[in-house]
Amino acid sequence: MTSTDDSGPSSGLVLHWLENSRSHRILWLLEELQIPYSLKVYKRNPKTLLADPALRNVHPLGKSPVLTDGDKVIAESGVIIEYLVRKYGATSDLVPKTTEDEEVVKYYLHYSEASLQPDMLLLLVSNNVRHAPVPFFIRPIARKIADSMDSAFAGPDAKLQLEYLEASLKKNGTGYFVGDGLTGADIILIFPLQMAKSRAGLTTEAYPHLWKWVEDMQARDAYIRADKKAAEHGVSTAVRL
């Protein structure tokens with residue numbers, strides 16, 4: 001099921017936004033940039049949680065986020081973030097102030113998807129196994145399999161990742177991951193760290209800097225506007241994965 005919001009002037013930008021997905025951070029970025037865009041919302045299958053097959057009409061893989069800018073189709077969160085900041089945010093505060101900061105932002109754009117996100121997805125899979133709708137006599141086996149999956153790799157590695165990010169955020173000392181203001185690094189990291197709150201033990205006691213960072217990002221005016229934009233389409237922006 002899809003719905004479209006074409007209100008206001010359009011620059012040709014269309015965000016293809018899938019509920020409960022990484023696409024919400026792109027909506028947040030568009031609101032931070034304060035540029036005209038259209039939003040096309042896709043819902044997941046309520047039983048399988050798979051994406052709407054209509055997304056394949058935009059990109060062959062049928063994944064989200066996908067951004068279209070006229071005839072151009074841009075996929076993958078990190079690429080979209082770089083594209084938007086470069087093309088539409090060149091004079092904004094989102095641009096890193098130094099070459100070194102730019103390199104660190106690029107690092108986080110790759111790190112988030114290649115190192116952090118896989119742990120969150122593995123924890124999601126094990127949780128689905130743990131709570132699978134199986135006969136009662138199978139449930140202890142399912143729980144044991146899930147616990148083994150967590151303890152063998154994803155759990156310890158997720159803890160290592162969170163400790164690393166907590167130390168990095170504390171060391172930077174500005175409340176942001178790079179420099180003294182919001183950058184693409186913060187945009188890309190929001191989704192996996194929101195997942196970490198429900199899946200990987202990200203608590204205010206264990207990781208106070210990360211916890212505060214997530215709360216601060218979600219309290220930004222642009223993030224709140226993004227939430228309201230999605231809510232207008234009758235979809236929740238809560239990370240339930």
Close pairs (6 angstrom Cβ cut-off, 6 or more residues apart or separate chains): in contact (Cβ under 8 Å) with a residue 40 or more places away in the chain in segment 98-123, part of a helix (DSSP H, G or I) and surrounded by fewer than 17 Cβ atoms within 10 Å (Cβ to Cβ) anywhere: none
Residue 166 being outside the structural domain of residue 51 (by TED's automatic domain parsing), within 25 Å of residue 30 (Cβ to Cβ) and part of a helix (DSSP H, G or I): no
Per-region count, segment 190-231, residues surrounded by fewer than 19 Cβ atoms within 10 Å (Cβ to Cβ), farther than 29 Å from residue 155 by Cβ and touching an Asp or Glu at 6+ places or on another chain (Cβ under 7 Å): 2
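State which residue is nearest to residue 57 (Cα to Cα) when the search covers only segment 22-38 and only residues that are touching a strand residue (DSSP E or B) at 6+ places or on another chain (Cβ under 9 Å) and in contact (Cβ under 8 Å) with a residue 40 or more places away in the chain. It would help to see each step written out before you state the result.
Residues of segment 22-38 that are touching a strand residue (DSSP E or B) at 6+ places or on another chain (Cβ under 9 Å), as a first pass: 23-24, 26-27, 30, 35-38.
Of the ones still in play, those that are also in contact (Cβ under 8 Å) with a residue 40 or more places away in the chain are 23-24, 26-27, 30, 35.
Details: 23: 17, 24: 20, 26: 20, 27: 20, 30: 23, 35: 25 Å.
Of everything passing the filter in segment 22-38, 23 is nearest to residue 57 (Cα to Cα).
From 105, 58, grab the single residue that is crowded, with 19+ Cβ neighbours inside 10 Å, in the same structural domain as residue 188 (by TED's automatic domain parsing) and of a type outside the set (Phe, Trp, Tyr).
Numbers: 58 fails: in the same structural domain as residue 188 (by TED's automatic domain parsing).
Of the residues listed, the single one that is crowded, with 19+ Cβ neighbours inside 10 Å, in the same structural domain as residue 188 (by TED's automatic domain parsing) and of a type outside the set (Phe, Trp, Tyr) is 105.
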Strands (runs of 3 or more DSSP E) completely within segment 17-118 that count 1 or more residues being under 16 Å from the mean Cα position of the chain (by Cα) and at pLDDT 95 or above: 66-69, 72-75
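The values are calculated or read from the model by the stated rules, or taken from the named source; none is laboratory data. As the structure is a prediction and not an experimental result, all values here were calculated from the model. Cβ atoms come from the backbone with ideal geometry, glycine included; neighbour counts cover every protein chain shown.
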